[in-house]
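Take a look at the structure set out below.
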Amino acid sequence: MSGLLLRLAGPLQSWGERSAFTPVRDTAPFPTRSALIGMFAAAEGIGRNETIPDRYHDLRLTVRVDRPGVRLVDYHTAGGGFPKDRTAATSGGSNKGAAVITRRHYLADAVFVVAVTAPDATLERLADALTRPHWAPYLGRRSCVPDEPLLLRRHVTNPDEELRTRVPLSRIPPRTEDGDGQQTGTIAVEFLAEQPAPTGESAEPVPVDIIDVNDVPVSFAQHGRSHTGRRLHRTQVPVPRSLAGPPDTLMQRLIDYALNTPAPEEAPA
């Protein structure tokens, strides 16, 4: 099945793991299914209180962790120093009468590339929506604006294989050269997949860590958010060292990949 590719990068990201409003607003170490489906629904103009359409159920997601980022905690206040009727509202229709204090967790300088596998008609609809979104996409919270390019490719035949072999890697490789001064070998990169890799796809067995997460959205309603669980397969996959490179060439490599432009050394004579 074919798919599209998203690159989720920006100064800050925050992928909340809990639907209830709590004093500590945590973040998962990777983009959640709930947040990604919320991004797609927002791009298509589907409101928070509308029923989540069945058309998102057949999406299969694979996340490549280019950079895990550094966890940052923000001491956040809202509504302090105001009369009660101007402070934060309560679920009972009143006001809190005091400042609301939260500690909000973020991932700083993180980069993820997500393969979204789905039927072609679904991919076309999602790609169109992400190109001209009804509501702007963000990385978990509205304050977390994504870098460009967000939509790397709107259609690839084998998205998981693209992540392993072709999509530029947002990191600097460890220095290892062959006799000609060329970068050789592979880099171990973390992948999170909803399905295990097919048997025989790699030259040697890759250790798999099975994790259970509660991030499949049932409702996005403001006062009735709910989720159910799914299982993820977390692996360290060797990818070609040539996918990485110095930061000053990253943006051009991403643009070339997004435009399907051959790399200079591969361009026809």
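I need a count of the residues in the stretch 204-253 that are within 30 Å of ILE46 (Cα to Cα), touching a residue at least 60 places away in the same chain (Cβ under 8 Å) and not in a strand (DSSP E or B).
5
Specify the residue that is farthest from ASN158 (Cα to Cα); the eligible residues are those in the stretch 51-92 that are in contact with a helix residue (DSSP H, G or I) (Cβ under 8 Å, 6 or more places away or on another chain) and in contact (Cβ under 8 Å) with a residue 60 or more places away in the chain.
Filtering first and then ranking leaves ILE52.
Looking at the stretch 211-219, is at least one residue farther than 30 Å from ARG171 by Cβ, in contact with a Gly (Cβ under 8 Å, 6 or more places away or on another chain) and surrounded by 14 or more Cβ atoms within 10 Å (Cβ to Cβ)? Step through it out loud before you land on a result.
Taking the stretch 211-219 and keeping what is farther than 30 Å from ARG171 by Cβ, we get 217-219.
Of the ones still in play, those that are also in contact with a Gly (Cβ under 8 Å, 6 or more places away or on another chain) are 217.
Those still in the list that are surrounded by 14 or more Cβ atoms within 10 Å (Cβ to Cβ) too: 217.
Yes, the stretch 211-219 has at least one match.
Out of (1) surrounded by fewer than 13 Cβ atoms within 10 Å (Cβ to Cβ); (2) within 15 Å of the chain's Cα centre (by Cα), the odd one out for ALA89 is which?
Going through (1) surrounded by fewer than 13 Cβ atoms within 10 Å (Cβ to Cβ); (2) within 15 Å of the chain's Cα centre (by Cα) one by one, ALA89 breaks only (2).
Looking for something in a helix (DSSP H, G or I) and without any contact (Cβ under 8 Å) to a residue 12 or more places away in the chain - is there at least one such residue anywhere in the stretch 110-123?
Yes, there is a match, as at least one residue in the stretch 110-123 is in a helix (DSSP H, G or I) and without any contact (Cβ under 8 Å) to a residue 12 or more places away in the chain.
When you go through PHE30, PHE82 one by one, which is the residue that is in a loop (DSSP other than H, G, I, E, B), over 21 Å from PRO133 (Cβ atoms) and at pLDDT 95 or above?
Exactly one of PHE30, PHE82 is in a loop (DSSP other than H, G, I, E, B), over 21 Å from PRO133 (Cβ atoms) and at pLDDT 95 or above, namely PHE30.
Would you confirm whether any residue within the stretch 21-43 is under 19 Å from the mean Cα position of the chain (by Cα), open to solvent by 40 Å² or more (accessible area, probe 1.4 Å) and among the acidic types (Asp, Glu)?
From the stretch 21-43, those under 19 Å from the mean Cα position of the chain (by Cα) are 25-43; that's our starting set.
This time we only want the ones that are open to solvent by 40 Å² or more (accessible area, probe 1.4 Å), so: 25, 29.
Narrowing further to those that are among the acidic types (Asp, Glu): none.
No.
Hey, could you check the stretch 215-231 for residues that are in contact with a helix residue (DSSP H, G or I) (Cβ under 9 Å, 6 or more places away or on another chain) and of a type outside the set (D, E, K, R) and say which is modelled with the lowest pLDDT?
Filtering first and then ranking leaves PHE220.
Is there any pair with a first residue in the stretch 130-147 that is in contact (Cβ under 8 Å) with a residue 12 or more places away in the chain and farther than 10 Å from TRP15 by Cα and a second that is surrounded by 15 or more Cβ atoms within 10 Å (Cβ to Cβ) and aromatic (Phe, Trp, Tyr) whose Cβ atoms are under 8 Å apart and which are 6 or more apart or on different chains, and what are they?
LEU130/PHE40; CYS144/TYR106; CYS144/TYR138; VAL145/TYR138; PRO146/TYR138
Return the residues of the stretch 119-141 that are among the small types (Gly, Ala, Ser) and either touching a Cys at 6+ places or on another chain (Cβ under 7 Å) or closer than 12 Å to LEU151 by Cα (or both); say none if nothing qualifies.
ALA127, ALA129
The values are calculated or read from the model by the stated rules, or taken from the named source; none is laboratory data. Bear in mind that the values here come from a model prediction, so they are computed numbers and not experimental data. Quick reminder, even Gly has a Cβ in these numbers, built from the backbone with ideal geometry, and neighbours come from all protein chains shown. Ligands, DNA and RNA are stripped out before the accessible areas are found, and what is left, the full protein with its side chains, is counted by its heavy atoms. Shrake-Rupley method; radii C 1.70, N 1.55, O 1.52, S 1.80 Å.
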